[in-house]
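Novice: First the structure, then my questions, so here it is.
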Amino acid sequence: MKMENKLAKVALKGYFIAVATLMYYFLTETINLGIFVTFRHAFALVLFFSALLFFLIKPNIARGASTVSGTFVYCIPLLVTLAVSLFIWFATQVDTSVIARGLSGLFVYNNMLSFTLAAVSFLYIFGEKGIWYNLIAILISNILIICTVILQNGVGAFFSEFITLIITFAGETGDVIVQAEIHELAFCLGAYLIYMFLKPKKNAAFFILLGLTLFCFLAAFKRIGIIAIVVALAIGWFLQFIAKFKASTAKNLAVILSVCLVFILIGYVAIIKLDVFTLLEKAGINTSGRVEIYNAVDKFYEFSPEFLGNGIGFLTYQLSTNMNVGVSSVHNDFLQYFIDLGFWGYILWLASMTIVRVCYFGKNGKTESAIITLALTVYLLIVSSTDNTLNYPLLTTVLASIMIGHGFDETVREKELRIFGCISDENKETKDNSIL
């Protein structure tokens, strides 16, 4: 009977990792279901419905409640975006086609909810170990892509360009190594590196995963990602140092810093409106065409408390259909959300993504979770300053997995104790410190 249980557990792990691997591997492929849905979105839903079926067969109420509450808090930015956009649309009496376009972009193409559900599916089935099974799926898919590149071009050519890439800090990028530069997976792995350096474990499996994660991340070598990791770790380690002396002080500092992030990002939009990027270009700093894009969209917004916004999806539609700027994205998530949500909607959206998450995941004395959430938030905001990283659904899965997942088992036990007055054998803490 024990052997059968072990085989069942192995099969369950294999199934979830396999489905997640497909989700991370098929990055752009789509399927026509009346509307075009990406393969990865479909696989994210497969993970969720698989976990839901498992819950219906063998419900764990405390785990289920913990995943629902974590999902809700993590997805508050989605709810803010929806509520603010609905207000704007009804206040300005836009055509129903505009509303339909905005909602389809919010729920079909950006998929924050679907990919958060994929993340918590791992947590519901496996507890905190689900964080690591998700990482294994990312590594398998990334290594498969790298192996394909090596088979097509040769081992020597790949590693020669890989070494050059690192030595020159991505100053020289060859034709071979660029094929392994998968931006979205690189940013996913960057988030895991932050978590692994903030919370290292003392077992062989951890160091193997760390080595593979570093290799795959460096193969893509996103300079903004490296900068974001360094800044996030500096903040995280500083707060961990403070926490050794007084945990409450570290927690309060994490909250204060999250408030500072909101003000910084409000100021960032103001700087763009003041045309500071043009001054940078004149000073000889290459902004990669952002000046032209920012000037083109300048007419769509005012930096003023009276600026109502245009509703989610507005700017993407304008860039794709009505403007001749050569891009379908402004490559700046913050400016895009400011134009779409308006002055006050933008502030609410920022607060829901920073202050709310840090406060919630750090509540009840969970200072460590507050620090990790803040560090990952800083990472996300930095990498989003030069790209549309906030709209990367796979990164949503990773961040949700870590933010909700860190301390998840303890959260489940606390919730079960409150609900039932005791802790079941399934949710009891074990001495197993492995990650597999």
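The values are calculated or read from the model by the stated rules, or taken from the named source; none is laboratory data. These figures come from a predicted structure and were not determined experimentally. All Cβ positions, even for glycine, are placed from backbone atoms using ideal geometry, and neighbour counts span all protein chains on display. Ligands, DNA and RNA are excluded from the accessible area calculation, which covers all protein heavy atoms including side chains. Shrake-Rupley method; radii C 1.70, N 1.55, O 1.52, S 1.80 Å.
Novice: Would any residue of the range 115-146 have its amide N under 14 Å from a label point 7 Å out along Cα→Cβ of Ile419? List them or say none.
Specialist: Hits in the range 115-146 for Ile419 at 14 Å: 124-125.
Novice: Oh, and also: Suppose only helical runs count, i.e. DSSP H with n ≥ 4. What mean residue ellipticity at 222 nm does that imply for the chain under -39500 (n - 2.57) per run, divided by all residues and rounded to the nearest 500 deg cm²/dmol?
Specialist: When only DSSP H runs of four or more count, the value is -23500 deg cm²/dmol.
Novice: Compute the orientation-averaged projected area for the range 165-282 from the convex hull of its Cα atoms and round it to one decimal in nm².
Specialist: 10.6
Novice: Here's something else I'd like to know. On average, how much area does the Cα convex hull of the range 300-430 cover when viewed from any direction, in nm²?
Specialist: With every direction weighted equally, the projected area is 10.7 nm².
Novice: While we're here: Enumerate by residue number the GluC sites (Glu not before Pro) in the range 165-228 meeting two conditions: DSSP loop (anything except H, G, I, E, B), and at most 15 other Cβ atoms within 10 Å of the site's Cβ.
Specialist: Glu172
Novice: Which value in Å is the Kirkwood Rh of the range 1-102 over different Cα pairs?
Specialist: Result for the range 1-102 stands at 17.2 Å.
Novice: Once label points are set 7 Å from the Cα along Cα→Cβ at both Ile271 and Gln152, what is their separation, rounded to one decimal in nm?
Specialist: The two pseudo-label positions are separated by 3.8 nm.
Novice: Using a 1.4 Å probe and ignoring any ligands, DNA or RNA, find the accessible area of Ser160 and quote it in Å² to the nearest 10.
Specialist: Using a 1.4 Å probe on the heavy atoms, I get roughly 70 Å².
Novice: For Leu144 paired with Trp237, estimate the spin-label separation in nm (one decimal), with each label point 7 Å from Cα along the Cα-to-Cβ line.
Specialist: Using points 7 Å along Cα→Cβ, the separation is 3.6 nm.
Novice: Can you pull a Stokes-Einstein diffusion coefficient for the chain at 25 °C (0.890 mPa s), Rh from Kirkwood over Cα pairs, as a whole number of µm²/s?
Specialist: Stokes-Einstein gives a translational diffusion coefficient of 107 µm²/s.
Novice: Would you mind checking the pairs Lys244/Lys273; Lys273/Lys363; Lys201/Lys428; Lys9/Lys246 and listing those with alpha carbons more than 31 angstrom apart?
Specialist: Lys244/Lys273; Lys273/Lys363; Lys9/Lys246
Novice: Here is a follow-up. Which value, in Å³ per residue, describes the convex hull spanned by the Cα atoms of the range 251-304?
Specialist: 100
Novice: Scan around Thr38 for amide H atoms under 5 Å from its own, H built in the peptide plane at 1.01 Å from N, and keep only partners 5 or more places away or cross-chain.
Specialist: Placed amide hydrogens put Ile31 under 5 Å from Thr38.
Novice: Could you derive backbone 3J(HN,Hα) for the range 130-145 from the dihedral phi with the Karplus parameters 6.51, -1.76 and 1.60 (θ = phi - 60°), listing whole Hz in sequence and x where the residue is Gly or Pro?
Specialist: Residue by residue, the range 130-145 yields x, 4, 7, 5, 5, 4, 4, 5, 4, 5, 4, 5, 5, 5, 4, 5 Hz.
Novice: Given N residues in the range 133-222, what is its alpha carbon radius of gyration divided by 2.2 N^0.38 Å?
Specialist: 1.09
Novice: Report the full-extension gain for the segment Ile264 to Val73: residue separation times 0.36 nm, less the Cα-Cα distance, to one decimal in nm.
Specialist: Fully extending the segment from Ile264 to Val73 adds 66.5 nm.
Novice: In whole percent, and with a 1.4 Å probe on the protein chains, what portion of the accessible area of the chain is carbon and sulfur?
Specialist: Percent of accessible area from carbon and sulfur atoms in the chain: 67.
Novice: Hey, another quick one. Got a sec to turn the phi values of the range 241-246 into Karplus ³J(HN,Hα) couplings, 6.51 cos²θ - 1.76 cosθ + 1.60 with θ = phi - 60°, whole Hz, x for Gly and Pro?
Specialist: 5, 4, 5, 4, 9, 8
Novice: Quick check: from the Cα gyration tensor, does the range 199-344 come out rounded (a/c under 1.5), prolate or oblate?
Specialist: Note, shape of the range 199-344 comes out prolate.
Novice: Can you give the net charge of the other residues whose Cβ lies under 15 Å from the Cβ of Phe158, counting K and R as +1 and D and E as -1?
Specialist: Spelling it out: positives minus negatives among the neighbours equals -4.
Novice: Quick check: the angle from helix 39-57's long axis to the longest principal axis of the chain, C-alpha only, nearest 10 degrees?
Specialist: With both axes taken from Cα atoms, the answer is about 40 degrees.
Novice: Just to check, using Stokes-Einstein with a Kirkwood Rh over alpha carbon pairs, what's the diffusion coefficient of the range 332-401 at 4 °C and 1.567 mPa s in µm²/s?
Specialist: 101
Novice: Report the longest stretch of the chain that contains none of the trypsin sites (Lys or Arg not before Pro) sitting in a DSSP loop with at most 16 other Cβ atoms within 10 Å.
Specialist: In the chain, the maximal stretch lacking such sites is 1-200.
Novice: Please identify the GluC sites (Glu not before Pro) of the range 214-321 that satisfy two criteria: DSSP loop assignment and at most 10 other Cβ atoms within 10 Å. Which are they?
Specialist: Sparse-neighbourhood loop GluC sites (Glu not before Pro): Glu306.
Novice: Over 19 Å between Cα atoms, which of Lys6/Lys415; Lys13/Lys58; Lys13/Lys415 qualify?
Specialist: Too far apart for the 19 Å limit: Lys6/Lys415; Lys13/Lys415.
Novice: Given R₀ = 41 Å, FRET efficiency for Leu280-Thr92 by Cβ-Cβ distance, to 0.05?
Specialist: Result of the calculation: an efficiency of 0.75.
Novice: Another question, then. Would you mind calculating the relative contact order of the chain from Cα pairs under 8 angstrom and at least 6 residues apart, reporting the percent as a whole number?
Specialist: Normalised by residue count, the contact order of the chain is 24 percent.
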